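Engineer: What follows is a structure written as structure tokens; I'll ask about it next.
The values are calculated or read from the model by the stated rules, or taken from the named source; none is laboratory data. Predicted model only: the values in this text are computed from it and were never measured. Every residue, glycine among them, receives a Cβ derived from its backbone with ideal geometry; neighbour counts consider all protein chains shown. These area figures cover heavy atoms from the full protein model, side chains too; ligands, DNA and RNA do not enter into them. Shrake-Rupley method; radii C 1.70, N 1.55, O 1.52, S 1.80 Å.
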Amino acid sequence: MELIATVTFGDMIANYYTCDGNLEWVLVPAKMSEKIQLMERLKKDSLIQAKLVGDDYPKGFSTGHTMRNSKTTKMLNFIEQQVTEDKDGLKVDSIMEDYRGNQFIHHVQWNHEYPVLKTWTTFRNQTAQTQKLELLSSFSLSCLSPFSGGNEPGTLELVRYRSKWSSEGRRLVQPIEDLQLEPSWKPSGVGLEKFGQIGSMPVRGYFPYAAVTDKERQVSWAVRLAIPGSWQMEAYRLDEDLCLSGGLADRDYGDWLKEIEPGESFDTPPAYLTVAIGQESEASQRLTSIQRDTLKLDHASEVELAVQFNEFCTTWGKPTEHSVTETLNALKGKGIKYYVIDAGWYADPKFGWERSHGDWILNEEQFPNGLEPVLDKIRDAGMIPGIWFEIETVGRDSKASHLSEHLLKRDGIPMTCGDRRFWDMRDPWVQDYLFNRIISFLKEYNFGYLKIDYNENFGRGFDDSQLSMGEAGRQTLEASQSFIRRIKDELPDLVIENCSSGGHRLEPSMMALTDLSSFSDAHEAECIPIIAANLHHHLLPQQSLIWAVLRKKDTLKRLYYSMSATFLGRICLSGDVQLLDKEQWQVVSDALSYYEEVRDLLTKGLTEIIGKPQQTYRELTGYQVVLRKGAKKTLAVIHQFDTKEILLPKRIGEIQKSYGIVNQGIVLNENEDNYMISFPEQMMGCSILFNRH
């Protein structure tokens, strides 16, 4: 083992070691670099994990389960390292070769504004034969944790976030021993926890994120993949070292096989890494901070974090000229910036919005005078008109669903999932069709806002005579993202929302293409504040669009509860706005005014969540307090479920303003140490803005 380089990335340090010709790295907080205890633990767990067809599979009873440490990886040899520095930061390229002469380059890029490393791997075929990749990692970390001489029981935890429709971001914390990731009595059998997602909804099952926390030293390593399709992560242990790697789902897991011709190369999708002194929640928010680098801040409405109204929960997929006019009368003058006409504006009356999309022809029964006068009314009311499209799929009863030569197929038959089929987004005919039906439409009517939805998953893949299913899926999603870039190029002033049945596409590559994202489809659920808080670990609050569906039947208490949750992100109103009485509207108007005071904390700050995790999202217990801490202010968003009193330490600061306290009879007292908030009923929401000491 030989230390060949130490590179400082702000408050992080990476040590690079060679061992029998291979290259390994260890990432630690700069303040703790002197506490590394590697001893003899580095055993050639390469910073690149790869497998080429023809090379031996790994040992340890692991074939079919993992391809880590295959012969391809074991035979890599370090050649050189190139470090370049400019005004923005550093880039480190570590170049390795295999015994055939193929080149593998491990890239690390750091922007000095963010405590995050971007990593990816390049494979270059420098031989005279076609090379077939079946695994290539975007990242690989080893020696977790490097601050001990070996395995210390009860010290390390693996943190992940589960996700399903309308229950996004449930935190899962497990001691590594529960996952059988402690070493056996001798290093003969691999311990592995492999997880990921297969298909075109990257946040289905799990977010593409993992963290390892050393509880004894309070250090956390966290990683997030930027992949719009199938991905995997592997927590791996053969000996004293816990390792974590990931990237595209491999051949065993995601049917991915990539042929690289002589002279050609392939870059993996990027991963984002960080290490922090502190808990996992601090590391996750460090990762999230880099999303600011892609924000499009030339939209004035986005700088001010504009409020929107989306009529989906008003008409449930059947918007009409009358429904738009009626809601506009209620919304005018309320300070709402976007009015979004959601799904169903094109719908066939017989089949409904979910089965007839794809032709994109206006329903003349619902809009007998066309769209132009409706959009004029929206603009006259001082709002920016928006529209909904589901670009990549077609409803089973649309004419487009019968254009089988342009659709994805499995076993020669167009894939039908539920009521949807899928365009082959790689097809130039499809790209032209969508340009004419979508981009030209957006231009013709001068829309200022586009909601892009995606409501099915094509799974492992589909027929392709030239490509594996996994590679065909990767290229198809790459073409989908290229079409979104085309929209942005053609309409640079358009604000774009990322939605996929709510939160199924909340991963960095999709969020980098769009201005804001739907947090969930939990339209009216009482667990909205729980989900909204969960997502502070995965996207910026200023990009997180949170539903507040207002109903005529809602009590004032329920309205305060709903509106308080929206302070955890961006406000998206919907529901019976045209039916609310004066008193109900006052609750909403007060919330909009309060939002003006606190929204700057959504752009800069850190989040702390207080309260026990919920066992069930259907029957909430206890309470949740979310503290959003800025430089001079702290916002407390409070939801009480069945407790009578909540204590907040006075060190938070002095109360400047509140929402929903006095009006609901909530009692706010204080003593020398605490603020005491007492609730007269269950299921109440409120908020307090503090000036920080």
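Engineer: Looking for whichever is in contact (Cβ under 8 Å) with a residue 40 or more places away in the chain, at positive phi and open to solvent by less than 30 Å² (accessible area, probe 1.4 Å) here; the options are Gly317, Gly335, Gly358. Which one fits? Working first, answer last.
Structural biologist: Values: Gly317 fails: in contact (Cβ under 8 Å) with a residue 40 or more places away in the chain; Gly335 fails: open to solvent by less than 30 Å² (accessible area, probe 1.4 Å).
Going through Gly317, Gly335, Gly358 in turn, just one is in contact (Cβ under 8 Å) with a residue 40 or more places away in the chain, at positive phi and open to solvent by less than 30 Å² (accessible area, probe 1.4 Å): Gly358.
Engineer: Within the set of pairs 6 or more residues apart or between chains, which connect a residue that is at positive phi inside the stretch 641-655 to a residue that is surrounded by 12 or more Cβ atoms within 10 Å (Cβ to Cβ) and at pLDDT below 95 with Cβ atoms less than 8 Å apart?
Structural biologist: Gly653/Arg692
Engineer: Considering only residues that are loosely packed, with under 15 Cβ neighbours inside 10 Å and within 19 Å of Leu627 (Cα to Cα), which ones fall in the stretch 670-682? Spell out how you get there, then give the answer.
Structural biologist: Initially, the stretch 670-682 is screened for residues loosely packed, with under 15 Cβ neighbours inside 10 Å, giving 670-673, 676, 678, 680-682.
The answer is Glu670, Asp673, Met676, Ser678.
Engineer: Just one of Glu152, Glu113, Glu134, Glu182 is open to solvent by 40 Å² or more (accessible area, probe 1.4 Å) and at pLDDT 95 or above; which is it? Step through it out loud before you land on a result.
Structural biologist: Working: Glu152 fails: at pLDDT 95 or above; Glu134 fails: open to solvent by 40 Å² or more (accessible area, probe 1.4 Å); Glu182 fails: at pLDDT 95 or above.
Within the list Glu152, Glu113, Glu134, Glu182, the selection yields Glu113.
Engineer: Restricted to the stretch 616-629, and to residues that are under 23 Å from the mean Cα position of the chain (by Cα) and of a type outside the set (Val, Ile, Thr), which residue is surrounded by the fewest Cβ atoms within 10 Å (Cβ to Cβ)?
Structural biologist: First, pick out the residues of the stretch 616-629 that are under 23 Å from the mean Cα position of the chain (by Cα): 616-617, 624-629.
Going one step further and asking which of them are of a type outside the set (Val, Ile, Thr), we end up with 617, 624, 627-629.
On the way: Tyr617: 16, Gln624: 24, Leu627: 20, Arg628: 22, Lys629: 19.
Applying the filter and picking the extreme gives Tyr617.
Engineer: Then there's this: Filter the stretch 272-300 for residues that are assigned to a helix (DSSP H, G or I), of a type in the set (A, V, I, L, M) and under 24 Å from Trp25 (Cα atoms) and give the result. So that I can check it myself, show each step before the final result.
Structural biologist: In the first step, residues of the stretch 272-300 are kept if they are assigned to a helix (DSSP H, G or I); the result is 280-294, 300.
Within this subset, residues satisfying the condition of being of a type in the set (A, V, I, L, M) are 283, 287, 290, 300.
Listed by number, the residues that qualify are Ala283, Leu287, Ile290.
Engineer: Filter the stretch 142-160 down to residues that are among the small types (Gly, Ala, Ser) and in contact with a strand residue (DSSP E or B) (Cβ under 6 Å, 6 or more places away or on another chain) and give me whichever is nearest to Cys243 (Cα to Cα). Steps first, answer last, please.
Structural biologist: First pass over the stretch 142-160, keeping only residues among the small types (Gly, Ala, Ser): 142, 145, 148-150, 154.
If we keep only those that are in contact with a strand residue (DSSP E or B) (Cβ under 6 Å, 6 or more places away or on another chain) as well, we get 142, 145.
Numbers: Ser142: 4, Ser145: 9 Å.
Applying the filter and picking the extreme gives Ser142.
Engineer: Do you know which residues across the stretch 368-409 are in contact (Cβ under 8 Å) with a residue 60 or more places away in the chain, among the aliphatic types (A, V, I, L, M) and over 21 Å from Tyr454 (Cα atoms)?
Structural biologist: Matches in the stretch 368-409: Leu371, Leu375, Met383, Ile384.
Engineer: Filter the stretch 385-442 down to the residues that are part of a helix (DSSP H, G or I) and aromatic (Phe, Trp, Tyr), then identify the one that is nearest to Gly470 (Cα to Cα).
Structural biologist: Among them, the one singled out is Trp429.
Engineer: If Cys417 satisfies all but one of (1) among the hydrophobic types (A, V, I, L, M, F, W, C); (2) within 29 Å of Val303 (Cβ to Cβ); (3) out of contact with any helix residue (DSSP H, G or I) (no Cβ under 6 Å at 6 or more places or on another chain), what's the number of the condition it fails?
Structural biologist: Just one mismatch for Cys417, condition (2).
Engineer: Criterion first (among the hydrophobic types (A, V, I, L, M, F, W, C), surrounded by 20 or more Cβ atoms within 10 Å (Cβ to Cβ) and under 30 Å from Leu135 (Cα atoms)) does Leu516 satisfy it?
Structural biologist: Details: among the hydrophobic types (A, V, I, L, M, F, W, C): yes; surrounded by 20 or more Cβ atoms within 10 Å (Cβ to Cβ): yes; under 30 Å from Leu135 (Cα atoms): no.
It is false that Leu516 is among the hydrophobic types (A, V, I, L, M, F, W, C), surrounded by 20 or more Cβ atoms within 10 Å (Cβ to Cβ) and under 30 Å from Leu135 (Cα atoms).
Engineer: Also: Only residues that are polar (S, T, N, Q) and either touching an Asp or Glu at 6+ places or on another chain (Cβ under 6 Å) or open to solvent by 10 Å² or more (accessible area, probe 1.4 Å) (or both): list them for the stretch 633-655, please.
Structural biologist: Here is the first cut: in the stretch 633-655, the ones polar (S, T, N, Q) are 634, 640, 643.
Within the stretch 633-655, just Thr643 meets the criteria.
Engineer: For the stretch 495-600, please list each of the helices (runs of 4 or more DSSP H) lying entirely inside it that holds at least 3 residues being over 21 Å from Tyr454 (Cβ atoms) and within 19 Å of the chain's Cα centre (by Cα). Let's see the steps before the verdict.
Structural biologist: Working: elements: 508-513, 528-534, 556-565, 582-598.
The helices (runs of 4 or more DSSP H) meeting that bar are 528-534.
Engineer: Where the second residue is open to solvent by 70 Å² or more (accessible area, probe 1.4 Å) and modelled with pLDDT of 95 or more and the first is under 15 Å from Lys332 (Cα atoms) and lies in the stretch 576-604, which pairs have Cβ atoms under 6 Å and are six or more apart or on separate chains?
Structural biologist: Correct list of pairs: Asp576/Lys552; Gln578/Glu326; Leu579/Lys552.
Engineer: Here's something else I'd like to know. From the list Leu491, Leu568, Leu559, which residue is buried (at least 19 other Cβ atoms within 10 Å of the Cβ) and in contact (Cβ under 8 Å) with a residue 40 or more places away in the chain? Even if it seems obvious, please write down each step before you answer.
Structural biologist: Details: Leu491 fails: buried (at least 19 other Cβ atoms within 10 Å of the Cβ); Leu559 fails: in contact (Cβ under 8 Å) with a residue 40 or more places away in the chain.
That would be Leu568, the only listed residue that is buried (at least 19 other Cβ atoms within 10 Å of the Cβ) and in contact (Cβ under 8 Å) with a residue 40 or more places away in the chain.
Rundown of residues vs (1) open to solvent by less than 50 Å² (accessible area, probe 1.4 Å); (2) over 23 Å from Cys572 (Cβ atoms), yes/no style:
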| residue | (1), (2) |
| --- | --- |
| Tyr454 | yes, no |
| Asp464 | yes, yes |
| Glu478 | no, yes |
| Arg485 | no, yes |
| Ile496 | yes, no |
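Engineer: While we're here: If Gly169 meets every condition in (1) in contact with a Leu (Cβ under 9 Å, 6 or more places away or on another chain); (2) closer than 22 Å to Lys44 by Cβ apart from one, which number is that one?
Structural biologist: (2)
Engineer: Also, I was wondering about something else. Return the pair list, or none, for Cβ contacts closer than 6 Å from residues in the stretch 280-294 that are within 12 Å of Ala211 (Cβ to Cβ) to residues that are among the β-branched types (Val, Ile, Thr) and modelled with pLDDT of 95 or more, at least 6 apart or on different chains.
Structural biologist: Final answer for the pair search is Glu280/Val159; Glu280/Thr213; Ala283/Thr274; Arg286/Thr274; Leu287/Val116; Leu287/Thr274.
Engineer: Now, a different point. Among the residues of the stretch 233-263, write down those that are more than 24 Å from Leu144 (Cα to Cα), open to solvent by less than 10 Å² (accessible area, probe 1.4 Å) and assigned to a strand (DSSP E or B).
Structural biologist: Within the stretch 233-263, the subset more than 24 Å from Leu144 (Cα to Cα) is 251-263.
Then drop every residue that is not open to solvent by less than 10 Å² (accessible area, probe 1.4 Å), which leaves 254, 256, 260.
The one that is more than 24 Å from Leu144 (Cα to Cα), open to solvent by less than 10 Å² (accessible area, probe 1.4 Å) and assigned to a strand (DSSP E or B): Ile260.
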